[in-house]
Amino acid sequence: MIDRLAPDARDAAVAATLRRRFGFASLRPLQREAIAAALDGRDALVVLPTGGGKSLCYQLPALVQERLTVVVSPLIALMQDQVAGLRLHGVAAAAVHSNLSAEARADLRRAAADGSLRLLFVAPERLFQDEFLAWLRTRDVAAFAIDEAHCISQWGHDFRPEYRRLAELRQQFPAVPFQAFTATATPRVRADIQAQLRLRDPEVLVGAFDRPELCYRVLPRQDLVEQVATAIGRHPDAAAIVYCIARKDTEALASALQRRGIAAEAYHAGLPAAERTRLSADFRAERLDVIVATVAFGMGIDRSDVRLVVHAGMPKSLEAYQQETGRAGRDGLPAECLLLYSAADAAKWRSLMRRSAAESEGVGDPDALEAQLLLLQQMQRFAGRARCRHRAISEYFGQAYAEPNCGACDVCLDELEPVPDGHVLAQKILSAVVRTGQRFGGNHVIDVLRGRRVERVLARGHDRLPTFGVCKEESAGRLGNYVDQLVDAGLLRRSEGEYPTLSLGEGAMAVLRGDARAELRVPKATLAARGKRRRDDARPGGRREARDLEGADRALFDQLRALRRRIAGELGVPPYVVFADATLEEMALRRPESPDALLAVRGIGQKKLDAFGARFLAAIAAAGGDAGAGAE
Ligand code: ADP
Ligand code: ZN
């Protein structure tokens, strides 16, 4: 046991383990503090954004102390990946869950019995089986690490009742410290976690929420398929997740993308379990790059090289948005998060929420609907307003944001431009709403504007209105978005309910009379052609500057990825567990020629060097020959 070491010696032990096991040169911000708290045997609440490096905060102390840490984690897939990753680093780790084979169970007992086990992952429902707890009490448990701790709170976005029971552990293991980890925590959720877990004088560490490597774009949804295809085109050969609100939307969008030659597949909870398993496995193994899914997809998937997350519809809270966009760029390299927004999405959510609250009448928490509607309203405000996205997200999570211009969001990059005759167009739309009596929804008004002789229009004589056909050249999608913009600007009002109707809002008459001007905006035409953003601010503590690989480096990187995929296939683990993209990138740039040089690459520890070093060195050497031969 090294837990009573003097601070210097302890820092040295941490640094040595970090280097030797994980191949990392330094700790990231707050990892040091979190690890120190664990080594002091203190309770802690650690809030770091996705990809911030939470796992290391409980993995490293277990290794340095040479004792067992029990990690509570909600998802089997996530546990299995972590265990696979740790084993590749030569760490004795195991997971306990309901589908454990007899063989795996025997392995586990052996490792636990001889005291070599360092990390044990457990699902909460499994933890509370009497037999398991009785066994655990016979072990020397150094700490409990509670992963995804926001699951304990109703104010989070992923409440799991089983998590509530974790407080019972406190009684059973009064002397063992608890460390809670989460990526999503508004001050309210944070307070809830502390209270529910009965943390004792915890070290509370809240990292910067901002993810500078993510470029946030919130664009009006005007031509969904075109917009999604273009975004995918900005990230060739890279992993992308496209989120839709409804199951049927995932299928329609995936087929539309397939027709454009993009190998996309749909994923939602209504698919047969075997199909879902296949899709997840294909995505993790990099056989499939573009997945069009409902939010059912993603919790257990932490492929670290996702370069694009698209929301084809607005999520229901900023918590959900932050969680889902957080799946992009977990390797710390730049990634894009595109939200295609329509004000109609909020109305859709509201009616879904009201319906499900009505169905669970008397069962659920009566305040739950209010809470949901409030979260939704905040999301809508975020999407509808032209305010720096990085700033808005940071502030929402209770943190000030210092940069005047983030350089990585649609607002700061100034990607929208006014429609040239926007004022006149707005007048036409407002006028059509008035002429049709303020009793119809957006679709009808748009049919009138576009001059469509459909039954509904003809039956009401709306083809004889002066506004009939005044916007013939505009697409329905674009007009729909202009309607949204007018709603957001308060010039139109949209009623609640299943069939929302449009009516004039405050200030609309002034616009119609020409006393006030209205503006409509479209994404700049140049956006489509623009490449992915580069961020040139290196992040302190390890997230280094991201480069776009080019030419021979890019070719080598692709070869190394193929090699990684082969090795992962042989071992039956997801590729990112073998090496992260950031590691392969550095290999492609530095082209190490010896094991020592390879060991200096970030993310390569002794164990991985022994296991894979020779094959990667061979691939690099072979590529060097090619590049030489091909040089001019
Ligand atoms: P989280 O659980 O907070 O989402 P992870 O623990 O999965 O994040 O870490 C994200 C990535 O960052 C992983 O690829 C991990 O190996 C890497 N990482 C963590 N700590 C460091 C560090 N100190 N230096 C370099 N890379 C790190
Ligand atoms: Zn910005």
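Worth a mention:
- Scanning the stretch 573-605 for residues being more than 16 Å from ligand 1 (Cβ to nearest atom) and touching a residue at least 24 places away in the same chain (Cβ under 8 Å) gives a total of 5.
- In the stretch 389-406, the residue that is farthest from ligand 2 (Cβ to nearest atom) out of those that are within 25 Å of V47 (Cβ to Cβ) and assigned to a loop (DSSP other than H, G, I, E, B) is G398.
- Check on L374, out of contact with any Lys or Arg (no Cβ under 9 Å at 6 or more places or on another chain), away from ligand 2 (no atom under 16 Å from the Cβ) and of a type in the set (A, V, I, L, M): yes
- Failed item, numbered, when D201 is tested on (1) outside any loop (DSSP other than H, G, I, E, B); (2) surrounded by fewer than 22 Cβ atoms within 10 Å (Cβ to Cβ); (3) touching a residue at least 24 places away in the same chain (Cβ under 8 Å); (4) away from ligand 1 (no atom under 16 Å from the Cβ): (1)
- V242 being modelled with pLDDT of 95 or more and either among the polar types (S, T, N, Q) or over 30 Å from A180 (Cβ atoms) (or both): yes
- Verdict on P49 being in a loop (DSSP other than H, G, I, E, B), touching an Asp or Glu at 6+ places or on another chain (Cβ under 8 Å) and at pLDDT below 90: yes
- Subset of the stretch 108-122 (residues that are of a type in the set (D, E, K, R) and within 13 Å of E66 (Cα to Cα)): D114, R118
- Residue within the stretch 478-487 that is touching a residue at least 24 places away in the same chain (Cβ under 8 Å) and part of a loop (DSSP other than H, G, I, E, B) present: no
- Set A312, A296: member being aliphatic (A, V, I, L, M) and under 14 Å from the mean Cα position of the chain (by Cα): A296
Table: residues versus (1) under 30 Å from Q322 (Cα atoms); (2) touching a Pro at 6+ places or on another chain (Cβ under 9 Å); (3) outside the structural domain of T325 (by TED's automatic domain parsing); (4) aliphatic (A, V, I, L, M).
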{"position": "A371", "(1), (2), (3), (4)": "yes, no, no, yes"}
{"position": "A400", "(1), (2), (3), (4)": "yes, no, no, yes"}
{"position": "A408", "(1), (2), (3), (4)": "yes, yes, no, yes"}
{"position": "I429", "(1), (2), (3), (4)": "no, no, yes, yes"}
{"position": "T436", "(1), (2), (3), (4)": "no, no, yes, no"}
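- Number of residues in the stretch 30-48 that are within 13 Å of ligand 1 (Cβ to nearest atom), surrounded by 22 or more Cβ atoms within 10 Å (Cβ to Cβ) and either in the same structural domain as L333 (by TED's automatic domain parsing) or not hydrophobic (A, V, I, L, M, F, W, C) (or both): the value is 1.
- Taking the stretch 551-632 as the region of interest, the helices (runs of 4 or more DSSP H) fully inside it that hold 2 or more residues being of a type in the set (D, E, K, R) and surrounded by 15 or more Cβ atoms within 10 Å (Cβ to Cβ) are 551-571, 581-590, 606-630.
- Those residues of the stretch 225-256 which are aliphatic (A, V, I, L, M) and under 22 Å from S317 (Cβ atoms), in sequence order: I241, V242, I245, A246
- Members of the stretch 407-456 found to be part of a loop (DSSP other than H, G, I, E, B), away from ligand 2 (no atom under 16 Å from the Cβ) and free of Cβ contacts under 8 Å to residues at least 60 places away in the same chain, listed by number: P420, D421, T436, G437, R450, G451, R452, R453, V454
- One residue from G313, G364 being modelled with pLDDT of 85 or more, outside any helix (DSSP H, G or I) and not aromatic (F, W, Y): G313
- Residue count for the stretch 557-584, restricted to those that are under 14 Å from A619 (Cα atoms) and touching a Leu at 6+ places or on another chain (Cβ under 7 Å): 5.
- Test: residue in the stretch 258-270 that is among the basic types (K, R) and within 20 Å of the chain's Cα centre (by Cα): no
- Test: residue in the stretch 241-258 that is buried (at least 21 other Cβ atoms within 10 Å of the Cβ), among the charged types (D, E, K, R) and either in contact with a strand residue (DSSP E or B) (Cβ under 8 Å, 6 or more places away or on another chain) or in a strand (DSSP E or B) (or both): no
- All positions within the stretch 261-310 that are touching a helix residue (DSSP H, G or I) at 6+ places or on another chain (Cβ under 9 Å), crowded, with 16+ Cβ neighbours inside 10 Å and either of a type in the set (K, R) or on the phi > 0 side of the Ramachandran plot (or both): R284, E286, G298, R303
- Any hit, the stretch 269-277, residues being under 26 Å from D81 (Cα atoms), within 16 Å of ligand 1 (Cβ to nearest atom) and not β-branched (V, I, T): no
- Flag if L75 is within 18 Å of the chain's Cα centre (by Cα), surrounded by fewer than 21 Cβ atoms within 10 Å (Cβ to Cβ) and more than 26 Å from F612 (Cβ to Cβ): yes
- Residue within the stretch 539-546 that is at pLDDT 80 or above, assigned to a loop (DSSP other than H, G, I, E, B) and either touching a Leu at 6+ places or on another chain (Cβ under 6 Å) or hydroxyl-bearing (S, T, Y) (or both) present: no
- Of residues in the stretch 376-400 being in contact with a helix residue (DSSP H, G or I) (Cβ under 8 Å, 6 or more places away or on another chain) and farther than 20 Å from A489 by Cα, the one surrounded by the most Cβ atoms within 10 Å (Cβ to Cβ): I393
- Pick from the stretch 376-408, criterion among the aliphatic types (A, V, I, L, M) and within 15 Å of C337 (Cβ to Cβ), ranking: farthest from ligand 1 (Cβ to nearest atom): A383
The values are calculated or read from the model by the stated rules, or taken from the named source; none is laboratory data. Computed from a prediction, not measured in an experiment: that's the story for all the values here. All Cβ positions, glycine included, derive from the backbone under ideal geometry; neighbour counts span all protein chains shown.
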